[in-house]
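The block underneath contains the structure these notes are about, expressed in structure tokens.
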Amino acid sequence: MKKLNTIYKLSRVELQTLFYSPVAWLILIVFTVQAAIAFTGVFGEYVRTQSMGYRPWNVTVGTFAGFRGLFTLVQGYLYMYIPLLTMGLMSREYSSGSIKLLYSSPLTNAQVILGKYLSMMLYGLVMLLILALFGLFGILAIDRVDIPVILSGLLGIYLLICAYAAIGLFMSSLTSYQVVAAIGTFAVLAALNLVKTMWQDVEFVRDITYWLAISGRSGEMIEGLICSEDVLYFVIVIALFISLSIIRLQAKRQKARPGVTFGKYLLVIVASLSLGYLTSRPAWMAFHDVTRTKARTLTPNSQDIIRRAEGGMTITTFVNILDVPDNWILPHSVNHDLSRFKQYRRFKPEIRMKYYYYYDHVPTNTWIEKNYPGLSDRERVIKMCASWRLDSNLFHRPEEVREIIDLAPEGKRFVRLLERENGKKTFLRIFDDPYRHPDESEISAAFKRLVMDLPLVGFLKGHGERDCVREGDKDYNRFARDKPFRYSLINNGFDFEEVTLDAPVPGNVRILVIADMKKPLTAAEKIHLDEYIARGGNLLIAGEPRRQEIMNPLVEPFGVTFLPGRIVKESEHFQADFIIATPTKEAGKFSYIFNTMITRGQVATMPGCVGLSCTGEKGFTVVPLFTSDTTGGWNEVETTDFVDDTARLNPGAGEVERSYPTMLALSRQVGEKTQKIIIFGDADCISNGEISISRKNVPAANYSLVTGSFYWLSDEEVPINITRPAPPDRKVHVGPKSMYWWNIFWIGFVPALFLSCLLFIWIRRRGR
């Protein structure tokens, strides 16, 4: 207790010295101004947004975390302040000669260093108090504020201040020149920010250097995730540099031999790095997501899947250097790639990540042919490795990888193989879209393949239906099995096969797709289809104009009719039979996917669409999911040429101007299961051509028709639902006028308060 009291007295003396100088006050003033500008900028944006009639979103995280949040910006400023505070902690003692008084006192080396360091911790609390004032304002001004996120961010900032202070203290103990100490601290902080990019080609070394990096360490806490790895990192770094400072002071005080001192330095550094390496292993990590919506961890559905995956698991990433450069995960970027699975490894630390590098010809990669013409694949690899400073022997030959696995069905592209120790395997792919890599939905769907049997979708063929294998514009290859397409069934947990009705529908088929039949079923085929329906099998049926005579016998048992003709609507930019269908209110309640379309203002495009009619007399519960426009549209039964002819409403021909259902969902109880049926009035809306096309000023999201429909038809098994509750903090209690005065308070009054303290102390000192 006496030793602690001595440390406290030393820190108090240091603080008095610090606050009697203008440096400490000037730093507080500049820090407050910068923090105030950052805070009022982002919070003022929410005030303006709300005053314009828009509803803010996730205000707490946006104000204090996020890309422009207060704490995010402040952590980028701290490196400018701490070296200026710490540069004189020991250097001043050396240069003034007062160090001799410390040497002759009964104070131990540890007490001297800890006393100096405690003064910096207390000064850091003052800086933290300034940020806490902004946090308190946020608590009062934000409706249903997420307080734990603010507290977690303050913890991250304070730990960062303490780490910087420990580094600055050590650098100050090395020299009697304060400027040199400050520059040295800047240099060490720069090195700790850059070290994560060094020696990343060496597996063991890259783990150490990646852990040692200080950049972004407080980022997770600012975002609301407290992870043991980050907390222990700060503790270890603080202990490391304080220990180095004590060893340095001891060496100068006792005039120890350089070899002995170096040995102590080395021992402390090795011990710290070893502890750091151990605490960064997934098996040793613990974490707590403090956000109200648990936005910083896996959703409950994904967590449940991971819990089922008992035993070991290996994820092997196959990287083909002759693939598109955007797909490369080279040795120097492995740690960045590992972060994509960090949330999964928190729940299942026994996941092993392996990387296999090879080269093989990719026929679809025109980039290689263009940039390296006339060369063999091996010659291309050598040239590419030279430009990337890689050893070409790192990449296995084509015949070597073929002995391990056949990647031809995957197009020899970048792919990951997920394999459980029980032998179950599946692929996880990248996609041809701006995001490239799979997100939680696709990753969890791949994991789910390994732990349970997922729905099998059967595509009926034999009557001119849309084909799930062919790649024509009218066919269904893209949403069924296109591997580079994020929303295809195969990437979202479904398997599929082609089905004929020459025999009963296989018992493992849970969803049967019948799209745009051009020939009617035979009597025997009808019996097999009826058997499938009678056992409660789920269906997706898509009709087309001029197919009513063939398709109506399929849907009439459900009380549904494909109406005559087709829906049309006069348009300045599109053909009259191009229908833009909107989701109904019932669709928003029916599926979270369709509700997302409503929230985003998205629509479904249906070129050539038949209106649907349902009597509701067959025992099914019917929900209209999409409808045509309420005005200006009708069922055209006369016009068939919409290029050279003009469609005109003719009530005498039975044409009626109104809104028509274009997509229906039907359900009923069959035994112990609920039978589910989706009926489209258009088969083109989910075809290869229509699902990929983009039209100006038409916010189409036809892929959502696929994911929304099959999510319901699969009894909500896949795609994986990764939605989270909407953050409730969507309102601020400050208006534009009051925000004007708050800007003056934060940017003007608070810094002026510190400035007045500085002037008061300066005048008193001059008076004395």
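Descriptive notes on the structure:
- Residue match in region 475-486 (condition: among the hydroxyl-bearing types (S, T, Y), under 28 Å from K342 (Cα atoms) and crowded, with 17+ Cβ neighbours inside 10 Å): no
- Only one of the numbered conditions (1) surrounded by 13 or more Cβ atoms within 10 Å (Cβ to Cβ); (2) at pLDDT below 95; (3) more than 23 Å from P484 (Cβ to Cβ); (4) of a type outside the set (D, E) is violated by R389, and that is (1).
- Taking the criterion of being of a type in the set (A, V, I, L, M) and either within 25 Å of K424 (Cβ to Cβ) or not in a loop (DSSP other than H, G, I, E, B) (or both), the only residue of region 464-481 that qualifies is A480.
- Considering residues of region 88-104 that are among the aliphatic types (A, V, I, L, M) and under 50 Å from the mean Cα position of the chain (by Cα) only, the residue surrounded by the most Cβ atoms within 10 Å (Cβ to Cβ): M90
- Scanning region 1-57 for residues that are free of Cβ contacts under 8 Å to residues at least 60 places away in the same chain, surrounded by fewer than 13 Cβ atoms within 10 Å (Cβ to Cβ) and not in a helix (DSSP H, G or I) returns M1, M52, G53, Y54.
- Residues (on the phi > 0 side of the Ramachandran plot and either modelled with pLDDT of 95 or more or touching a His at 6+ places or on another chain (Cβ under 8 Å) (or both)) located in region 405-421: K412
- Test: Y123 is within 30 Å of S95 (Cβ to Cβ), buried (at least 16 other Cβ atoms within 10 Å of the Cβ), aromatic (F, W, Y) and out of contact with any helix residue (DSSP H, G or I) (no Cβ under 6 Å at 6 or more places or on another chain): yes
- The lone criterion from (1) among the charged types (D, E, K, R); (2) farther than 23 Å from E544 by Cβ; (3) part of a loop (DSSP other than H, G, I, E, B) left unmet by E638 is number (2).
- For region 720-741, the condition holds for at least one residue, the condition being that it is in contact with a strand residue (DSSP E or B) (Cβ under 9 Å, 6 or more places away or on another chain) and either of a type in the set (D, E) or assigned to a strand (DSSP E or B) (or both).
- Every pair of residues 6+ apart whose Cβ atoms lie under 9 Å, when the first sits in region 146-170 and is at positive phi while the second is of a type in the set (G, A, S) and not in a helix (DSSP H, G or I): none
- Subset of region 487-501 (residues that are over 25 Å from N301 (Cα atoms) and in a loop (DSSP other than H, G, I, E, B)): T500, L501
- When region 321-333 is filtered for residues that are buried (at least 17 other Cβ atoms within 10 Å of the Cβ) and either among the hydroxyl-bearing types (S, T, Y) or in contact with a strand residue (DSSP E or B) (Cβ under 6 Å, 6 or more places away or on another chain) (or both), only I329 remains.
- Subset tally (residues that are of a type in the set (G, A, S) and farther than 17 Å from E549 by Cα) for region 603-622: 3
- Checking G138 against (1) closer than 29 Å to L330 by Cβ; (2) touching a residue at least 60 places away in the same chain (Cβ under 8 Å); (3) touching a helix residue (DSSP H, G or I) at 6+ places or on another chain (Cβ under 7 Å), the condition it does not meet: (1)
- When S571 is tested against the conditions (1) under 17 Å from Q675 (Cβ atoms); (2) under 44 Å from the mean Cα position of the chain (by Cα), the lone failure is (1).
- Counted residues, region 294-319 - those being buried (at least 17 other Cβ atoms within 10 Å of the Cβ) and either of a type in the set (S, T, Y) or touching a His at 6+ places or on another chain (Cβ under 9 Å) (or both): 5
- Of the helices (runs of 4 or more DSSP H) lying entirely inside region 82-151, those containing at least 3 residues that are under 29 Å from L70 (Cα atoms) span 109-141.
- Inclusion of S591 among residues that are within 19 Å of T639 (Cβ to Cβ) and among the hydroxyl-bearing types (S, T, Y) is not warranted.
- Failed item in (1) crowded, with 16+ Cβ neighbours inside 10 Å; (2) modelled with pLDDT under 95; (3) not charged (D, E, K, R), with H573 passing the rest: (1)
- Among the residues of region 746-763, those identified as among the aromatic types (F, W, Y) and exposed (fewer than 14 other Cβ atoms within 10 Å of the Cβ) are F749, F760.
- Selected residue (only one of P520, P545, P504, P564 is within 16 Å of I686 (Cα to Cα), outside any helix (DSSP H, G or I) and not acidic (D, E)): P545
- K342 meets each of the listed conditions (1) buried (at least 18 other Cβ atoms within 10 Å of the Cβ); (2) within 22 Å of I222 (Cβ to Cβ); (3) among the charged types (D, E, K, R) apart from (1).
- Elements of type strands (runs of 3 or more DSSP E) in region 405-463, at least 2 residues being buried (at least 21 other Cβ atoms within 10 Å of the Cβ) and in contact (Cβ under 8 Å) with a residue 40 or more places away in the chain: 415-420, 456-460
- Some residue of region 644-656 being among the hydroxyl-bearing types (S, T, Y) and touching a strand residue (DSSP E or B) at 6+ places or on another chain (Cβ under 8 Å): no
- When I222, I238, I226, I214 are checked against the criterion of being more than 23 Å from the chain's Cα centre (by Cα) and of a type outside the set (S, T, N, Q), I238 stands alone in meeting it.
The values are calculated or read from the model by the stated rules, or taken from the named source; none is laboratory data. Keep in mind that this is a model prediction, so the values were computed, not measured. Here the Cβ is made from the backbone with ideal geometry for all residues, glycine too, and neighbour counts use every protein chain on show.
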